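*Asks:* Okay, here's the structure, questions in a sec.
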Amino acid sequence: MRWTVLDSPIGELSVGVDDVGVCGVHFGPVEGALPATALTGAVDPDAAGLTTAVTELRAYFAGELTEFAVPLSVRRGSEFERAVWTEMSKIPYGETRTYGEVAAAVGDPGAARAVGVACNRNPIPVIVPCHRIVGAGGKLVGFGGGLPRKRQLLELEARIAFERAWA
């Protein structure tokens, strides 16, 4: 696995890739991660996945990208967690779903708390958008990166979605 760390509006993000695709996103730096600036102009084929991920994340934060295309490599998680991660990837940019709605969508309407646990265990936050899942009534609750980051991500997406709708 190879890691890079980039500056973003929500603080430093570390991105890890393997031979398949992005396998991790962490809030803050990861030991041994290359700075994203070191990837500029890189011709090393091992850096290609990192370069793609960084390019897409930068475009996302600039409001230019609403759907990630970078390949993902998810090698852990229970069947339920993987189902939740798949379902959260279906939530459109700029929209939210409640934990209960996601639980119902994966076939277990009483599992809202388990959806919260699955969100917390999401190995690829931002790209797999667990920030789009909110509490009942739209309440801003739970996020591994902290509620201020969740709010920033949701506000970014709402602003861009609004601008695109009224452009």
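*Asks:* Which whole-Hz ³J(HN,Hα) couplings does the range 129-136 yield from phi under the Karplus relation 6.51 cos²θ - 1.76 cosθ + 1.60, θ = phi - 60°, glycine and proline marked x?
*Replies:* x, 5, 5, 7, 9, 10, x, 3
*Asks:* Translational D (Stokes-Einstein, µm²/s) of the chain at 37 °C and 0.692 mPa s when Rh comes from the Kirkwood sum over C-alpha pairs?
*Replies:* D, rounded to a whole number, is 201 µm²/s.
*Asks:* Amide H neighbours of Gly24 under 5 Å, counting only residues 5+ apart in sequence or on other chains, H built in-plane at 1.01 Å?
*Replies:* Gly16
*Asks:* Another question, if that's okay. Can you list residues from other chains, or at least 5 along the same chain, whose modelled amide H is less than 5 Å from the amide H of Thr98?
*Replies:* When sequence neighbours closer than 5 places are left aside, the close amide H contacts are Val134.
*Asks:* Find, to one decimal place in angstroms, the Kirkwood hydrodynamic radius of the range 1-41, where the mean of 1/r is taken over every pair of different Cα atoms and then inverted.
*Replies:* Roughly 10.2 Å, rounded to one decimal.
*Asks:* Something else: Hey, got a sec? Which trypsin sites (Lys or Arg not before Pro) in the range 83-156 land in a DSSP loop and have at most 11 other Cβ atoms within 10 Å?
*Replies:* Lys90, Lys139
*Asks:* When a/c reaches 1.5 or more, the comparison of a/b and b/c decides; with that in mind, is the range 104-144 rounded, prolate or oblate per its Cα gyration tensor? List each step's numbers first, then the result.
*Replies:* Details: a/c = 1.84, a/b = 1.26, b/c = 1.47.
Oblate.
*Asks:* Note down the nm distance, to one decimal, between modelled labels 7 Å out along Cα→Cβ at Arg164 and at Leu34.
*Replies:* Going from the Arg164 label point to the Leu34 one covers 3.0 nm.
*Asks:* While we're on this one: Might you list the cysteines of the chain that have no disulfide-compatible partner by the rule of another cysteine's Cβ under 4.7 Å?
*Replies:* If one checks each Cβ against the other cysteines of the chain, Cys23 turn up with nothing under 4.7 Å.
*Asks:* Now, a different point. Where nothing but the Cβ of Lys and Arg (+1) and of Asp and Glu (-1) is charged, how large is the charge dipole of the range 34-157 around its Cα centre, in debye to the nearest 20?
*Replies:* Approximately 460 debye in magnitude.
*Asks:* With θ set to phi - 60° and the Karplus curve 6.51 cos²θ - 1.76 cosθ + 1.60, what are the ³J(HN,Hα) couplings of the range 94-107 in order, to the nearest whole Hz, using x for Gly and Pro?
*Replies:* Once θ is set to phi - 60°, the couplings for the range 94-107 become x, 10, 10, 9, 7, 4, x, 5, 5, 4, 5, 5, 8, x Hz.
*Asks:* Under Stokes-Einstein, with the Kirkwood radius over Cα pairs standing in for Rh, what whole-number D in µm²/s applies to the range 1-91 at 4 °C and 1.567 mPa s?
*Replies:* Stokes-Einstein gives a translational diffusion coefficient of 94 µm²/s.
*Asks:* Let me ask another. Run the numbers on the chain and let me know its relative contact order in percent, using alpha-carbon pairs under 8 Å that are six or more apart.
*Replies:* Once divided by the residue count of the chain, the mean separation gives 20 percent.
*Asks:* Whose amide H sits under 5 Å from the amide H of Ser8, counting only residues 5 or more places off or on another chain, with H placed in the peptide plane?
*Replies:* Leu13
*Asks:* So how tilted is helix 79-89 from the main axis of the chain? Cα-based, degrees 0 to 90, rounded to 10.
*Replies:* 80 degrees
*Asks:* Enter the angle in degrees (range 0 to 90, nearest 10) between the Cα long axis of helix 147-165 and the first principal axis of the Cα atoms of the chain, meaning the one along which they spread out most.
*Replies:* 90 degrees
*Asks:* Scan the chain and hand back the longest stretch that contains none of the GluC sites (Glu not before Pro) lying in DSSP loops with at most 16 other Cβ atoms within 10 Å.
*Replies:* 96-167
*Asks:* Is the range 44-83 best put as rounded, prolate or oblate by its Cα gyration tensor, with a ≥ b ≥ c the root eigenvalues, rounded for a/c under 1.5, and otherwise prolate when a/b is larger than b/c, oblate when not? Write out the running numbers ahead of the final one.
*Replies:* Values: a/c = 3.84, a/b = 1.42, b/c = 2.70.
Oblate, because a/c is 1.5 or more while a/b does not exceed b/c.
*Asks:* Taking every pair of alpha-carbon atoms in the range 79-150, what share in percent sits in each 5 Å bin, from 0 to the bin with the longest distance?
*Replies:* Calculated P(r), rounded to whole percents: 3, 19, 34, 29, 12, 2, 0.
Since every read-out is calculated from the coordinates, none of them should be taken as a lab result. These numbers come from a predicted model, not from an experiment. In this analysis, Cβ positions are derived from the backbone assuming ideal geometry, glycine residues included, and neighbour counts consider all displayed protein chains.
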